[in-house]
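**Student:** Could you have a look at this structure, given as structure tokens, before my questions?
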Amino acid sequence: MSNDWQEIMSRHITSAACAVSVLFAVAITADAVAQTGSAPVTAIPSATVTGPEFRDPKTGQVWTPENVGKDDKPLSPQDRAFNPSGQTVNPGQTVDELPQIRQVGTVPVTAGATVPLVTLDNVSLNVQPGGRWQAVLYLQNNSANGLSPVIGCGFTNGGNLVQNTRISLPIVAAGTRVGIVVSGPGSEVFVDSVSCNIVSP
């Protein structure tokens with residue numbers, strides 16, 4: 001047998017052996033699928049977590065937005081996202097206050113048919129961290145007589161009354177402008193506005 005003939009036969013035998021190997025591998029895979037009733041195992045990503053999670057390296061506890069909270073209790077909807085407009089407060093009765101006044105200037109005596117005896121202006125709202133809400137306002141006595149005005153201030157949140165305060169001032173001298181600081185509810189309560197008006201005179 002010539003060398004050329006031997007080389008051709010060797011190639012055919014090698015090709016046949018490869019074909020048999022492939023068929024054998026396919027048969028084994030098909031048999032495995034038939035026996036287990038499932039496709040070959042494939043690595044897939046784990047289920048998507050709905051929020052951030054943290055595993056405590058000391059205890060092994062896995063914390064998520066669903067279970068984190070005091071004493072392993074889930075957070076309430078109120079704690080998840082505080083909604084100032086949804087807070088519930090009971091303003092109760094009117095709070096009476098006797099604040100000090102500070103003279104900051106003088107004004108012309110113009111009270112009459114078109115000018116009221118006393119006027120309020122520049123009302124502002126601020127808060128003392130860990131303290132109370134405060135309303136700062138200015139009052140003018142436009143008359144020629146000393147007066148003891150009474151002011152009403154309503155601290156509100158989202159249009160809802162949080163605290164109603166009645167302020168009774170000492171005598172304000174004629175033709176003077178005074179500054180007043182009015183205390184409101186505690187800073188733990190949310191307040192977004194304050195409105196003040198003259199009750200008397």
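**Student:** Kindly indicate which of Asn141, Asn122 is open to solvent by 40 Å² or more (accessible area, probe 1.4 Å), of a type outside the set (D, E, K, R) and out of contact with any helix residue (DSSP H, G or I) (no Cβ under 9 Å at 6 or more places or on another chain).
**Tutor:** Within the list Asn141, Asn122, the selection yields Asn122.
**Student:** Residue check, Val191 against (1) crowded, with 19+ Cβ neighbours inside 10 Å; (2) assigned to a strand (DSSP E or B); (3) not small (Gly, Ala, Ser), all met but one. Which one?
**Tutor:** (2)
**Student:** List, please: which pairs have Cβ atoms under 8 Å, are six or more places apart or on different chains, and start with a residue in the range 155-172 that is on the phi > 0 side of the Ramachandran plot and part of a strand (DSSP E or B) and end with one that is surrounded by 14 or more Cβ atoms within 10 Å (Cβ to Cβ) and not acidic (Asp, Glu)?
**Tutor:** Short answer, once both residue conditions are applied: none.
**Student:** If you don't mind, there's one more thing I want to ask. Of everything in the range 157-178 that's crowded, with 19+ Cβ neighbours inside 10 Å and β-branched (Val, Ile, Thr), which residue is farthest from Ile101 (Cα to Cα)?
**Tutor:** Going through the qualifying residues, I end up with Val162.
**Student:** Here's a follow-up. Quick test of your reading of the structure: Val181 fulfils all but one of (1) farther than 29 Å from Pro108 by Cα; (2) open to solvent by 50 Å² or more (accessible area, probe 1.4 Å); (3) outside any loop (DSSP other than H, G, I, E, B). Name the failing condition by number.
**Tutor:** Exception for Val181: condition (1).
**Student:** In the range 153-169, which residue that is within 16 Å of Ser187 (Cβ to Cβ) and among the β-branched types (Val, Ile, Thr) is farthest from the chain's Cα centre (by Cα)?
**Tutor:** Across the range 153-169, the extreme among qualifying residues is Thr165.
Each row is one residue, and each column tells you yes or no for (1) among the charged types (D, E, K, R); (2) modelled with pLDDT under 95; (3) over 20 Å from Ser200 (Cα atoms); (4) not in a strand (DSSP E or B).
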{"site": "Thr110", "(1), (2), (3), (4)": "no, yes, no, yes"}
{"site": "Ala113", "(1), (2), (3), (4)": "no, yes, no, yes"}
{"site": "Asp121", "(1), (2), (3), (4)": "yes, yes, no, no"}
{"site": "Asn126", "(1), (2), (3), (4)": "no, yes, yes, no"}
{"site": "Gly130", "(1), (2), (3), (4)": "no, yes, yes, yes"}
{"site": "Trp133", "(1), (2), (3), (4)": "no, yes, yes, no"}
{"site": "Leu139", "(1), (2), (3), (4)": "no, no, no, no"}
{"site": "Ala144", "(1), (2), (3), (4)": "no, no, no, yes"}
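The values are calculated or read from the model by the stated rules, or taken from the named source; none is laboratory data. Just so you know, these numbers come straight off a predicted model, no measurement behind them. Don't worry about glycine lacking a Cβ; one is built from the backbone with ideal geometry, like all the others, and counts go over all protein chains shown. Please note that ligands, DNA and RNA were not included when accessible areas were found on the heavy atoms of the full protein model with its side chains. Shrake-Rupley method; radii C 1.70, N 1.55, O 1.52, S 1.80 Å.
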